[in-house]
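The next block holds one structure in the form of structure tokens; read it before the comments.
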Amino acid sequence: MSKQPVDLGEIVSLLKDQRMSFFLRGKFSERFTNIIVDLSENVAGQMEEGFFSRKMSFMLVESFQNILKHGQTENTLGVHLEDEGIFSFKVSSKGNFINSINFIQPGDAEGLKMSIDYINGLDKASLKSYYMDSLKNNEMSSKGGAGLGFIEIVRKSGSKILYRIDDNNSGPILFHQQISLKRDENEGEETNEINATNMIYQLMRNTEVLMLYQGDFSPKIMLPLIEMAEQSVQKDKEELKQSIRAAHVVVEMIQNIQRHGIHSPENYSHGYFAIGKRQDSIHLISANLINSSEAEVLGKRLDEINSLDEAGRKDLLRNTLKSSLGQDNPTGRGLGLSEIAGATNAPLAYSFKKASSDTEWFTLQVEI
């Protein structure tokens, strides 16, 4: 019996209609900004949609900077927080959405609500005038702006800011925000993704997942995900070696999806990749569709790897490398799993779940 990986089933169910999704939970930092933009631009390149590339990068940066400037932390709130909220963006047939959840001070809730309601009520000309007046009058708060970010978001997106404020009267307040990017200004009302985002946030908390990507795994996607793996789990120099090992395994897991997952008409393999942190270990989780005919062989291969001790895993990797250099295995098949096994002494947790009559979801979890 194999060790079971973290179950992403509920998250997969919530995201099944999305073309692409990205979620980042934890301690937010400036260092994530460029990685998020790189990821969005690579997705835009796949979709070949100019509007996405032009608007999305600006919106992502502006939205993430708003969290960095105005989101509250353990230090500012004086209470213990499991994380500082969540930042996400999604691409689907319904539209493109940037959703975030962050903590705010109880005393800031009413002012924030009034500011957003006022901005949402302005037409294009009034928005521009209000923005210019705010710049001219230098209406700056101690944290870098009195609604200027919100004004620019509404101007550039062409949509109102959707929001929700959860005041539980017993601790920090959660501020939920959504920005929608329309292909056409006449598309009508935005789809409200606030509840769905909150559900995924709670599921990520429960499974201790820090980062989740869902979409097509083109070669260009790999670098942003590797950088995210390194940055999201490394807090100090002591964790540097661990994060480097994790980055190496990320490469192998993503390449496995690219090589062996069922490909779309665009020749990309679709799947999920998640990074979690539990106590002192990093958990890397991938999920992708495979043909049912491959499941039994793959399961036996993983059971064989899990039966080996550390020396046996090193021998397996060495023999697989030799085989890939010779005529026995010129394609290097199986090398990825051997390299992954060589990077951890923990069992490789895996599962298969029926997706259709001839396909299955293959989930793999590696502990570093």
> Hey, does region 283-301 have a residue that's touching a helix residue (DSSP H, G or I) at 6+ places or on another chain (Cβ under 6 Å), closer than 24 Å to GLU227 by Cβ, surrounded by 15 or more Cβ atoms within 10 Å (Cβ to Cβ) and of a type outside the set (A, V, I, L, M)?
Replying inline: yes
> Of all residues in region 93-117, how many are modelled with pLDDT of 90 or more and exposed (fewer than 13 other Cβ atoms within 10 Å of the Cβ)?
Replying inline: 2
>> So, in region 254-287, exactly how many residues are over 16 Å from the mean Cα position of the chain (by Cα) and of a type outside the set (Phe, Trp, Tyr)?
In response: 18
> From the residues in region 246-262 that are out of contact with any strand residue (DSSP E or B) (no Cβ under 8 Å at 6 or more places or on another chain) and free of Cβ contacts under 8 Å to residues at least 60 places away in the same chain, which one is farthest from PHE352 (Cα to Cα)?
Replying inline: ALA247
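On the given criteria, is SER307 more than 15 Å from ILE340 (Cβ to Cβ), out of contact with any Cys (no Cβ under 7 Å at 6 or more places or on another chain) and either touching a residue at least 40 places away in the same chain (Cβ under 8 Å) or surrounded by 13 or more Cβ atoms within 10 Å (Cβ to Cβ) (or both)? I'd like the intermediate steps shown before the answer.
Details: more than 15 Å from ILE340 (Cβ to Cβ): yes; out of contact with any Cys (no Cβ under 7 Å at 6 or more places or on another chain): yes; either touching a residue at least 40 places away in the same chain (Cβ under 8 Å) or surrounded by 13 or more Cβ atoms within 10 Å (Cβ to Cβ) (or both): no.
So SER307 does not fit the description; no.
The values are calculated or read from the model by the stated rules, or taken from the named source; none is laboratory data. The structure displayed is predicted, hence computed values, not measured ones. Every residue, glycine as well, gets a Cβ built from its backbone with ideal geometry; the counts of neighbours run over all protein chains shown.
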